[in-house]
Amino acid sequence: MASLFEQDIQTLKSVGEKRAKLFHKLGVFSVGALLRYYPRHYEDWSQPLTIEQTPFNQPCAIRATVLYKPTETRIRKGMTLYKTSVTDGIKDLQLTFFNNPYIMNTLKQGQEYVFYGKVTGTFLKKEMRVPEFYPVNHAPSICPVYRQTEGLSSRMISNAMKHALILLPNQIKDPIPYEVRMEHQLCELSYALEQIHFPKDMDCMILAKKRLIFEELFTLQLGLLQLKSRIKKETSLPPLQDYTQEFFKLLPFTPTNAQKCAIAEAMADMSHSIHRHPMSRLIQGDVGSGKTVVAAALCHSVVKNGMQAAIMAPTEILAQQHYLTMLSIFEETNITVGLLTGSLTAVKKRKLTEQLKNGSIHLVIGTHALISDTVSFENLGLVITDEQHRFGVAQRSSLAQKGNQPHILVMSATPIPRTLALMIYGDLDISVLNEMPPGRQKIETYVISSRKRPRALQYIYTHLNAGRQAYMICPLIEQNSSDLVSVEQYANSLQKETFPDKVIGILHGKMKPKEKEAIMTAFSNKEIDVLVSTTVVEVGVDVPNAVIILIENAERYGLSQLHQLRGRVGRGNLKSTCILVSDAQNEEAVARLKILCSTSDGFRIADEDLHLRGPGDFFGEKQHGLPNLKIADMAEDMDTLQKAQSAAQHILLQDPMLEQSKHQGLNAQVKQLFSIFNGQGFH
Ligand code: ADP
Ligand code: MG
C-alpha cells in the first residue's frame, strides 16, 4: 500500500495530464491517495422503482427502456435540450438533458437502463432531468458519490478508482495487526477499499467503513501516543521543589480548589513524584476560571528552582496582558519578567534575546516570536502555551526544543468534551478547572431582534453613565467590505447617533499590533468607554470594569465562540450582561442562541455545539493542527475513538517504536499521516 503512495496518479489508465491536474485540486496526487479518497455518500440503485411508484423531488432509481432516439432542440445560444421517453411497460417518463450531445449516441432506442435522478412534473407527465444511467447489465447496485471539482465528475473519479483498485495487490499486507482486527471485528484492508468504493450492498459498505474509521483513528492515536512517549522519554531536568505555598502569599485572593488541584497535578509531574519525564499537560478551563494563576504558580516554582519559564500567547494583546499580570504578581519578588513580541524594536529585541540567553530574564511572555531561531535560553524549564487551539502540535514542540526537553503546559479556554480532548490532545495529560472564582455573578444573557436594539443601546448608555464600559462586537456587515469599513462605520454611527459624549474605540484584525495594544491599554485604563471590535477580542482579554457585551449578528457564530466572547465580561464582581442581537428567522438558530441564556457551563455549551453543528467549530479551520480526517466523524465515532486509543496503547506497550516486522505497515502509515500533517504547517 505504501508504495502506491509513490505512484503518480497520472500512471492510471484513464488519467492524462489534464485530468491529473484536476485530481491535484482535490488533493489527490498518487494512486494510494486516490484509494483513500472515499465517497461522500452513496446512491442506492439496487432496488429500482416502477415509474408509478417514484416520489417527486427525491432521488430514486428506475429501470426502463428507451422509446426513441433522443431529440435535439436548440432553444437559444449555448443551450441545447435533448429529450427522450422511457417506459417500464406500464408508464412512461420523459428524460431531459442539457448540452450533452453524447446522449444521442449513448442512449439507444429499445435498450433497457437503470436511471437515477429526481422526478419532477405532474402525475400525468413525469420527468427526470439529467439522470445518471447505466445499461441494466452494468448498473452498480450502490453507486458511490465523490466530492467533485469542475471538469472532474464523480463518475470520472469512480472510473479512475476502478483502475486504481486493479493495481491494489491481491496479497496486500494489512497494516492493522491480525489480533487487533479479530478483537474489533474488522475486515481486511483490500476488502475494505474495494467495498468502500464499490459496495456490493449497504451492509458491505458499513463493514468497510467501520474498518476504515477504526484504521484512521488508530493510526492517529498511535502517532499521538508516540509523540507523547517521545516527549516523555528524555529528561535531564532535576526534580522540582514545590514553592506553591509561598506563591499563594503573593496573590490578592485565595485560589479556588480547582486551581490548587491543577497546580498540584502539574507539580507532581514536575517533581517526578510519579514519573521521571517532563510534564506534558493540558489545563482545560472555562473562560474566567483563572488559568493565568495556575500558569503563574508553575512559573514561580520553576524560576525558584533556578530555571527559566516561557509563556506563549496567540496574540500581542494577550501577551501584553499576561505580561502586566505577571509583573504585578511578581512585583515583590526578584523574579524578572520580559515581553517578547514581533513589534519590539530591533534594539529591544536584541537586548531581550541577550537576557534570555544569559538567564537574567527568568520569565518571558511572548507571541510566536518566541519560537524564532534567534531566541535561545540559558536554562528553559517550562513552556506554557495559552489558548492552545490556535497553535498546532508541531508549533508546541518547536518551542519545547529550545530547552533541554522542558516541561510543557498547554492552556485551553475552549472547553471541549473530554472525548474530543483525548482526540486533539492525545499526547497530553489533562487537568480541568471546573470551578469559577467566588463572587462571580451569572452573566445575564438575552437574545433580541434588531428592532429592540435602541432599547439595548439605551441600557448600555445608562451603564456607561455609571462609569462602566462595554464591548460591541460587529462582524463583517457587508460581504465585501473589509473589517475596517464595517467596524469604523459602526463606531461612527454609534458616536453620532447614540453615544455622542462617550469615547469609542475600535479594534480589528487589520490593525497593526502596536495600534491594537494601544487601544486595549486605553480600554483597560478606562480611557475608552465603548470598544467596537471584531472577534479579535475573543481570547483572554481581561477588563473587569467592562460589564456589557453586545454581539451583532450573533447567529453567525458557534455557541462556543459566543461563550468565549461573553467571557469578556463578568470578570469582576459587577453584574454583567450579554446581549445577542439576531434577526435569524429560522427557529433552530434562535433555539441555539437561547441555550446561552440558560447555561454558563462552557462544557455543556460545547456539547450542544457538537450536537447541533457537528465538530466543525472545534475541528474547522485546521486550528487544532491535526491532520484532516477522511472518514471518521468526531461527533459520531467517539466510541471507536476510545477503542482505537486503547488498542494503540496496547500495541505501543509491546513495541513502542513500532519496529517489529508485524508493525511495519502501521509504522509506515503513521509516518505517512504525520508527515502529511507536518507538511501542512500550522496556523
Ligand atoms: P482565564 O481562565 O479565562 O484565563 P483569568 O486567568 O484571566 O481567566 O482569570 C480571570 C479573572 O479572575 C482575573 O481577573 C483573575 O485575577 C481572577 N481570578 C483568578 N483566580 C481567582 C481566584 N481564585 N479568586 C478571585 N479571582 C480570581
Ligand atoms: Mg486566559
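The values are calculated or read from the model by the stated rules, or taken from the named source; none is laboratory data. In this text the structure is predicted, and so the values were computed from the model without any measurement. Cβ: placed from backbone, ideal geometry, glycine included. Neighbour counts: every protein chain shown. Heavy atoms of the whole protein, side chains included, go into the accessibility calculation; ligands, DNA and RNA do not. Shrake-Rupley method; radii C 1.70, N 1.55, O 1.52, S 1.80 Å.
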Any chance the stretch 528-537 includes a residue that's within 16 Å of ligand 1 (Cβ to nearest atom), touching a strand residue (DSSP E or B) at 6+ places or on another chain (Cβ under 9 Å) and modelled with pLDDT of 80 or more? no
I'm trying to understand the selection: among the residues of the stretch 214-228, which are modelled with pLDDT of 90 or more and open to solvent by 10 Å² or more (accessible area, probe 1.4 Å)? GLU216
Restricting attention to the stretch 350-382, report how many residues are without any contact (Cβ under 8 Å) to a residue 24 or more places away in the chain and crowded, with 16+ Cβ neighbours inside 10 Å. 3
So if I check each of GLN241, GLN308, GLN245, GLN284, which one is open to solvent by less than 30 Å² (accessible area, probe 1.4 Å) and at pLDDT 90 or above? GLN308
Restricting the stretch 255-278 to residues that are crowded, with 18+ Cβ neighbours inside 10 Å and over 24 Å from SER289 (Cβ atoms), which is nearest to ligand 2 (Cβ to nearest atom)? PRO278
Single unsatisfied condition, ASP609 versus (1) within 16 Å of GLU216 (Cβ to Cβ); (2) at pLDDT below 80: (1)
Which ones in the stretch 168-220 are farther than 25 Å from SER46 by Cβ and of a type in the set (Phe, Trp, Tyr)? TYR178, PHE214, PHE218
Considering the stretch 288-300 alone, what residues qualify as being closer than 20 Å to ASP429 by Cα and of a type outside the set (D, E, K, R)? SER289, GLY290, THR292, VAL293, VAL294, ALA295, ALA296, ALA297, LEU298, CYS299
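When residues of the stretch 576-597 are filtered for being part of a helix (DSSP H, G or I) and under 18 Å from ILE473 (Cβ atoms), how many remain?
Of the residues in the stretch 576-597, 5 are part of a helix (DSSP H, G or I) and under 18 Å from ILE473 (Cβ atoms).
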Subset of the stretch 293-305, residues away from ligand 1 (no atom under 16 Å from the Cβ) and open to solvent by 10 Å² or more (accessible area, probe 1.4 Å), comes to VAL303, LYS304, ASN305
Mind checking whether some residue in the stretch 19-32 is open to solvent by 60 Å² or more (accessible area, probe 1.4 Å), in a loop (DSSP other than H, G, I, E, B) and either in contact with a Lys or Arg (Cβ under 9 Å, 6 or more places away or on another chain) or among the charged types (D, E, K, R) (or both)? no
Is there any pair linking a residue in the stretch 275-304 that is over 27 Å from ILE361 (Cβ atoms) to one that is away from ligand 2 (no atom under 16 Å from the Cβ) and among the small types (Gly, Ala, Ser), with Cβ under 7 Å and at least six apart or on different chains, and which? GLN284/ALA421
Can you tell me which condition GLN185 does not meet? The list is (1) of a type outside the set (Phe, Trp, Tyr); (2) at positive phi; (3) within 16 Å of ligand 1 (Cβ to nearest atom), and all the others hold. (3)
Tell me which residues, restricted to the stretch 640-672, are in a helix (DSSP H, G or I) and touching a Ser or Thr at 6+ places or on another chain (Cβ under 9 Å). LEU641, GLN642, ALA644, ALA648, LEU652, LEU666, GLN669, VAL670, GLN672
Can you confirm whether CYS143 is touching a helix residue (DSSP H, G or I) at 6+ places or on another chain (Cβ under 7 Å) and either surrounded by 18 or more Cβ atoms within 10 Å (Cβ to Cβ) or touching a residue at least 12 places away in the same chain (Cβ under 8 Å) (or both)? no
Check whether at least one residue in the stretch 127-135 is modelled with pLDDT under 95 and in contact with a His (Cβ under 9 Å, 6 or more places away or on another chain), and report yes or no. no
Keeping to the stretch 538-553, report how many residues are more than 16 Å from ligand 1 (Cβ to nearest atom) and either basic (Lys, Arg) or modelled with pLDDT under 90 (or both). 1
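Return a yes/no flag: does the stretch 320-338 have any residue that is on the phi > 0 side of the Ramachandran plot and either open to solvent by less than 10 Å² (accessible area, probe 1.4 Å) or at pLDDT 90 or above (or both).
no
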Suppose we filter the stretch 66-88 for residues that are open to solvent by 30 Å² or more (accessible area, probe 1.4 Å), without any contact (Cβ under 8 Å) to a residue 24 or more places away in the chain and over 43 Å from the mean Cα position of the chain (by Cα); how many remain? 7
I'm trying to understand the selection: among the residues of the stretch 163-195, which are closer than 19 Å to PRO39 by Cα and either without any contact (Cβ under 8 Å) to a residue 40 or more places away in the chain or loosely packed, with under 13 Cβ neighbours inside 10 Å (or both)? ILE166, CYS187, GLU188, SER190, TYR191, ALA192, GLU194, GLN195
So which of THR353, THR315 is more than 24 Å from MET270 (Cβ to Cβ) and more than 33 Å from the chain's Cα centre (by Cα)? THR353
Where in the stretch 284-396 are there helices (runs of 4 or more DSSP H), lying fully within it, with 1 or more residues that are under 21 Å from THR244 (Cβ atoms) and within 16 Å of ligand 2 (Cβ to nearest atom)? 291-304, 316-329
Return yes or no: is LEU562 in contact (Cβ under 8 Å) with a residue 24 or more places away in the chain and away from ligand 1 (no atom under 16 Å from the Cβ)? no
Restricting to the stretch 37-65, give me the number of residues that are touching a residue at least 40 places away in the same chain (Cβ under 8 Å) and either in contact with an Asp or Glu (Cβ under 6 Å, 6 or more places away or on another chain) or under 12 Å from LYS91 (Cα atoms) (or both). 7
Out of the stretch 401-443, which residues are farther than 16 Å from GLN564 by Cα, at pLDDT 75 or above and outside any loop (DSSP other than H, G, I, E, B)? HIS407, ILE408, LEU409, VAL410, ASP429, ILE430, SER431, VAL432
Inside the stretch 550-593, the number of residues satisfying the requirement of being open to solvent by 20 Å² or more (accessible area, probe 1.4 Å), over 24 Å from MET436 (Cα atoms) and among the aliphatic types (A, V, I, L, M) is 3
Note: among ASP286, ASP269, ASP242, just one is of a type in the set (Asp, Glu) and within 16 Å of ligand 1 (Cβ to nearest atom), namely ASP286
